[in-house]
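A.B. asks: Quick one: the structure is below, and I'll ask about it shortly.
The values are calculated or read from the model by the stated rules, or taken from the named source; none is laboratory data. Everything numeric in this text was worked out from a predicted model, so none of it was measured. Glycine also receives a Cβ, built like all others from the backbone with ideal geometry; neighbour counts cover every protein chain displayed. To get the accessible areas, we keep the full protein, side chains included, count just its heavy atoms, and leave off ligands, DNA and RNA. Shrake-Rupley method; radii C 1.70, N 1.55, O 1.52, S 1.80 Å.
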Amino acid sequence: MWLRLFVIVSTIFVDIYSEPLNNILRSLDIEVSYKTIFLLQNQNQSLCWNQTDFEETVPILNFNASENVYLKDSFNRKILVLVCLDKYENEPIQVISKNLEDMRNTHTILFAASEVKISDLFLDCFKEKMLNVLAFQGSDRDIIYSYQAFPTFRLIKRKVVEVKRYFEPQLKDLGGYTLKVLPDNIMPRTVVYRASDGRRQLGGYLWHFIRNYASTLNATLKICWDLVPEEGMTHLAKVIEMGKAAGVDFPLGIEGLDLESAKQNVPLEMSSWFLILPMEPGIPRCSFFQRLRLDSMIPLMLLVAVALGNAHRIEAGLGPSWRSLLIDNQALRGTLGQPFVMPGRLSLKLMTIYGMLLMGGFFMSNYYTAVLETWLVHPPVPNHVDSWEEMHSLNMKILIIPAEKKYMTEAMGRDFMIAHRDVFEITNTANFQRKRLQMDQRYAYPVTNTLWPLLKQGQVRLQRPIFRRSRKIVFTPMLILTMSLPDNSLFHKSLLKYRMNTLESGLYKTWFKRSFDELRALRKISYNVDSNLEVYRDLKWDDFYFIWLAFVAGTMVSVLGFLLELGYHSWSLKRRHK
């Protein structure tokens with residue numbers, strides 16, 4: 001009897017001196033700025049709260065525990081969840097976590113029957129990746145329960161009147177907690193190599209990104225070496241699949257954003273997916289004069305000669321005639337910008353025509369000279385290969401791996417891939433990555449803006465690059481590259497904030513720029529050097545091959561004409577003597 005009386009008196013004392021729930025909710029409104037309250041209970045009349053505990057201006061969603069509701073994107077994100085567990089029997093946290101799918105970081109308050117029950121509930125919350133959880137025992141509002149997740153689980157009891165912050169940040173200091181990482185070994189993002197002591201090491205700008213992030217959390221990273229192959233790439237989809245079974249926290253790789261499964265992604269880069277092609281061989285110097293198309297100046301020269309001849313005839317009082325070719329030498333020299341002797345006592349009209357001839361010849365000769373000098377320094381190439389039909393005609397092959405062919409089929413269409421299936425050559429990931437980094441000119445390769453700057457940097461010591469980016473053959477013009485995290489990851493929101501800080505500070509860009517030197521130090525990539533490079537090469541006889549042909553042909557025609565003139569002259573003298 002005395003025990004029953006003590007329990008009744010204790011209950012009355014707690015109800016009198018405990019902090020009212022509505023005051024706690026007001027304090028939480030200041031701290032987390034919730035806009036909606038989500039009530040989860042087994043019956044309509046809850047023993048955990050009263051209607052008077054809630055503000056009338058805050059929308060309240062009242063659901064039964066048997067209902068399964070997907071809250072994300074259905075309401076605003078600032079939700080406060082209150083869960084009454086007075087009647088729960090089977091796996092209450094699993095029921096709550098289903099309703100909070102993809103938003104496990106929602107602030108949640110549990111109302112449980114005992115402290116032992118609260119400890120078990122918090123352990124289940126940690127397993128379900130729910131960190132922002134508080135709890136009250138029964139109707140007692142004087143003591144509030146929370147837990148510390150890292151580095152080891154610990155139950156925390158606090159007096160409500162002494163609480164300055166209800167939801168303490170769990171990821172502020174992980175105390176050396178170990179986080180698992182699984183790289184994809186796709187350079188330059190991640191690169192697996194062996195150090196001088198034979199141990200496997202990891203490099204790449206994504207590794208520096210995630211390692212620095214772990215240091216901000218005071219966490220330790222563990223690489224799952226048993227899942228990383230010695231050579232070759234592992235596509236990110238397979239990395240994620242293996243990571244789920246191994247409990248990996250960070251599948252270290254990036255891929256194009258898939259809007260259908262874009263739940264726990266961290267956008268990192270804006271890119272595109274295109275083809276790089278071997279540079280076409282340069283045109284020989286002897287062909288430059290053909291490409292100048294000097295023959296197009298002949299009609300202009302004839303037109304100027306006719307105009308000048310007729311101008312002279314008109315000045316002399318004669319009529320115009322198309323046969324006025326008496327000054328071909330002057331017209332030819334003027335068109336070519338060469339000096340010539342002008343006739344004396346010219347009128348203003350003739351001076352104007354001669355002036356235009358000289359100016360036109362000056363500009364034309366300088367134009368052709370500038371083009372020729374430019375070609376001598378930067379030899380032109382024939383028409384670029386910019387279509388699939390041209391690749392077919394040249395029997396050019398694109399080296400790919402099965403995973404990339406799958407994505408290429410999604411981007412270009414199945415019918416397109418079947419029509420051009422003879423262009424593609426499939427190989428394993430190790431051979432593909434090795435040939436692409438070495439820029440084997442027997443193949444063309446699909447790349448993104450992640451790798452192309454490094455391949456371009458590797459060609460800076462060449463007189464002319466050996467690979468070029470195709471502006472016409474593009475698989476995906478705009479690509480958002482993201483890092484995919486496991487479902488309901490604890491670090492999604494934190495990593496998004498860290499990513500923004502690294503991008504704004506330029507740290508991410510710095511890691512990316514250093515990746516070329518890092519790969520070069522690991523002998524994964526190198527500068528391409530032309531062993532036959534000639535910084536300066538003077539003109540040779542062979543460079544004037546077609547000029548010599550024209551000279552010889554012109555000389556032969558001139559000699560033949562001279563002989564004909566001599567013959568005609570002799571024939572004329574004999575005829576006169578007769």
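A.B. asks: Among the residues of the range 365-378, are any modelled with pLDDT under 75, under 19 Å from R468 (Cα atoms), within 31 Å of the chain's Cα centre (by Cα) and in a loop (DSSP other than H, G, I, E, B)?
C.D. replies: Yes, the range 365-378 has at least one match.
A.B. asks: Mind checking whether some residue in the range 386-393 is in a helix (DSSP H, G or I), more than 21 Å from A237 (Cα to Cα) and in contact with a Phe, Trp or Tyr (Cβ under 8 Å, 6 or more places away or on another chain)?
C.D. replies: Residues of the range 386-393 in a helix (DSSP H, G or I): 388-393.
The next check asks that each one be more than 21 Å from A237 (Cα to Cα); those that pass are 388-393.
This time we only want the ones that are in contact with a Phe, Trp or Tyr (Cβ under 8 Å, 6 or more places away or on another chain), so: none.
There is no residue in the range 386-393 that is in a helix (DSSP H, G or I), more than 21 Å from A237 (Cα to Cα) and in contact with a Phe, Trp or Tyr (Cβ under 8 Å, 6 or more places away or on another chain).
A.B. asks: Something else now. Say whether the condition of being in contact with a Lys or Arg (Cβ under 7 Å, 6 or more places away or on another chain) and in a loop (DSSP other than H, G, I, E, B) is met by at least one residue in the range 472-486. Explain how you work it out, then say what you get.
C.D. replies: Quick first cut of the range 472-486, residues in contact with a Lys or Arg (Cβ under 7 Å, 6 or more places away or on another chain) only: 486.
Keeping just the survivors that are in a loop (DSSP other than H, G, I, E, B) gives 486.
Checked the range 472-486: at least one residue is in contact with a Lys or Arg (Cβ under 7 Å, 6 or more places away or on another chain) and in a loop (DSSP other than H, G, I, E, B).
A.B. asks: So, one more: Among the listed residues I93, I109, identify the single one that is closer than 24 Å to E168 by Cα and at pLDDT 85 or above.
C.D. replies: Details: I93 fails: at pLDDT 85 or above.
Going through I93, I109 in turn, the sole match is I109.
A.B. asks: Now, a different point. Quick one: which of K497, K493, K435 is closer than 25 Å to S387 by Cβ and assigned to a helix (DSSP H, G or I)?
C.D. replies: Working: K497 fails: closer than 25 Å to S387 by Cβ; K493 fails: closer than 25 Å to S387 by Cβ.
None of the other options fit; the residue is K435.
Yes or no, residue by residue, for (1) in contact with an Asp or Glu (Cβ under 6 Å, 6 or more places away or on another chain); (2) of a type in the set (D, E); (3) at pLDDT 85 or above:
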| residue | (1), (2), (3) |
| --- | --- |
| N501 | no, no, yes |
| D538 | no, yes, no |
| W548 | no, no, no |
| F551 | no, no, no |
| G554 | no, no, no |
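A.B. asks: Also, I was wondering about something else. Can you name every residue in the range 146-162 that is among the polar types (S, T, N, Q) and either part of a helix (DSSP H, G or I) or surrounded by fewer than 15 Cβ atoms within 10 Å (Cβ to Cβ) (or both)?
C.D. replies: Taking the range 146-162 and keeping what is among the polar types (S, T, N, Q), we get 146, 148, 152.
Hit for the range 146-162 is T152, nothing else.
A.B. asks: Here are I398, I418: which of them is loosely packed, with under 15 Cβ neighbours inside 10 Å and either hydrophobic (A, V, I, L, M, F, W, C) or farther than 22 Å from P188 by Cα (or both)?
C.D. replies: Values: I398 fails: loosely packed, with under 15 Cβ neighbours inside 10 Å.
After ruling out the rest, the residue left standing is I418.
A.B. asks: Here's a follow-up. Return the pair list, or none, for Cβ contacts closer than 6 Å from residues in the range 512-526 that are within 16 Å of N185 (Cβ to Cβ) to residues that are open to solvent by less than 80 Å² (accessible area, probe 1.4 Å) and of a type in the set (S, T, Y), at least 6 apart or on different chains.
C.D. replies: S515/Y205; L522/Y193
A.B. asks: Taking A237 as the residue in question, decide whether it is surrounded by fewer than 18 Cβ atoms within 10 Å (Cβ to Cβ), part of a helix (DSSP H, G or I) and not basic (K, R).
C.D. replies: Answer is yes for this residue.
A.B. asks: Look through the range 564-578, keep the residues that are among the aliphatic types (A, V, I, L, M) and open to solvent by less than 100 Å² (accessible area, probe 1.4 Å), and return whichever of them is modelled with the lowest pLDDT.
C.D. replies: Start the filter on the range 564-578 by keeping residues that are among the aliphatic types (A, V, I, L, M), which leaves 564, 566, 573.
From what's left, open to solvent by less than 100 Å² (accessible area, probe 1.4 Å): 566, 573.
Values: L566: 86, L573: 81.
So the residue we want is L573.
A.B. asks: Return the pairs, sorted by first residue and then second, in which the second residue is hydroxyl-bearing (S, T, Y) and modelled with pLDDT under 90, the first residue lies in the range 470-490 and is open to solvent by less than 10 Å² (accessible area, probe 1.4 Å), the beta carbons are less than 6 Å apart, and the residues are 6+ apart or on different chains.
C.D. replies: Here the result reads L481/S271, each pair linking the range 470-490 to a residue that is hydroxyl-bearing (S, T, Y) and modelled with pLDDT under 90.
A.B. asks: Return the residue satisfying two criteria in turn: it lies in the range 118-145 and is under 25 Å from P486 (Cα atoms) and open to solvent by less than 30 Å² (accessible area, probe 1.4 Å), and of such residues it is farthest from the chain's Cα centre (by Cα). I'd like the intermediate steps shown before the answer.
C.D. replies: At the first step, the residues of the range 118-145 found to be under 25 Å from P486 (Cα atoms) are 120-134.
Next, only the ones that are open to solvent by less than 30 Å² (accessible area, probe 1.4 Å) stay: 121-122, 125, 130-131, 133-134.
On the way: L121: 44, F122: 41, C125: 37, M130: 33, L131: 34, V133: 38, L134: 42 Å.
Here the residue is L121.
A.B. asks: Still on this structure, I have one more. Here are some conditions: (1) touching a strand residue (DSSP E or B) at 6+ places or on another chain (Cβ under 9 Å); (2) open to solvent by 30 Å² or more (accessible area, probe 1.4 Å); (3) closer than 23 Å to I525 by Cβ; (4) part of a helix (DSSP H, G or I). E230 meets all but one. Which one does it not meet?
C.D. replies: Among (1) touching a strand residue (DSSP E or B) at 6+ places or on another chain (Cβ under 9 Å); (2) open to solvent by 30 Å² or more (accessible area, probe 1.4 Å); (3) closer than 23 Å to I525 by Cβ; (4) part of a helix (DSSP H, G or I), E230 violates only (4).
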